[in-house]
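Below is one structure, written out as structure tokens, with a few remarks after it.
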Amino acid sequence: VGKEVVVGIRPEDIKLGSVGEGIAALVEVTELLGSDLNIYFKIGERTYIMKTEAASGIRIGDTIYPVFDGEKLHLFDKETEVSLIY
């Protein structure tokens, strides 16, 4: 359509993969929230947040292999920030 879009995904829609399954990413921050663990990781210059179980044992400095669920991507008009997919 000729417009720029922004792609978003919710933290719970990013899953832990294994070597070769996802993209290698470095864990920068972990945030314990009861039985959940928010993991802040970087791919290139972008930081993402993934939600997983606190029992996963992931720590700052670990390399993880996040897998993004393509069915759960959200597209927004970059200019208006209006959702393009409902």
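A few notes on this one:
- Here the gap between residue 81 and residue 67, fully extended at 0.36 nm per residue and compared with their Cα-Cα distance, gives a gain of 2.5 nm.
- About the Cα centre, charge dipole magnitude for the range 12-68 (Lys/Arg +1, Asp/Glu -1 at Cβ), debye: 120 debye
- Exposed loop sites here mean GluC sites (Glu not before Pro) with a DSSP loop assignment and at most 14 other beta-carbon atoms within 10 Å; the chain contains its longest site-free run at 46-78.
- When the trypsin sites (Lys or Arg not before Pro) in the range 15-84 are filtered for DSSP coil states and for at most 14 other beta-carbon atoms within 10 Å of their beta-carbon, the remaining sites are 59, 78.
- Computed label-point distance, nm, for sites residue 35 and residue 53 using a 7 Å Cα→Cβ extension: 0.9 nm
- Charge tally in the Cβ shell below 13 Å around residue 73, where Lys, Arg are +1 and Asp, Glu are -1, residue 73 excluded: -1
- Sequence-separation-based contact order of the chain, relative, with Cα cut under 8 Å and 6+ spacing, percent: 39 percent
- Of the options (i) 17, 44, 27, 11, 1; (ii) 16, 51, 26, 6, 0; (iii) 13, 40, 36, 10, 1, only one is P(r) over Cα pairs in 10 Å bins from 0, in percent as computed from these coordinates, and that is (i).
- Restraint check, 51/78; 15/51; 3/42, Cα-Cα greater than 19 Å: 51/78; 3/42
- Comparing 84, 7, 29 along the charge dipole axis of the chain, the residue lying farthest to the positive side is 29, per the Cβ-charge model.
Rule-based calculations on the coordinates, nothing more; no lab input. Values in this document were obtained by computation on a predicted structure and should not be read as measured data. When we count neighbours, we look across all protein chains shown, and the Cβ atoms used for this are built from the backbone with ideal geometry, even at glycine.
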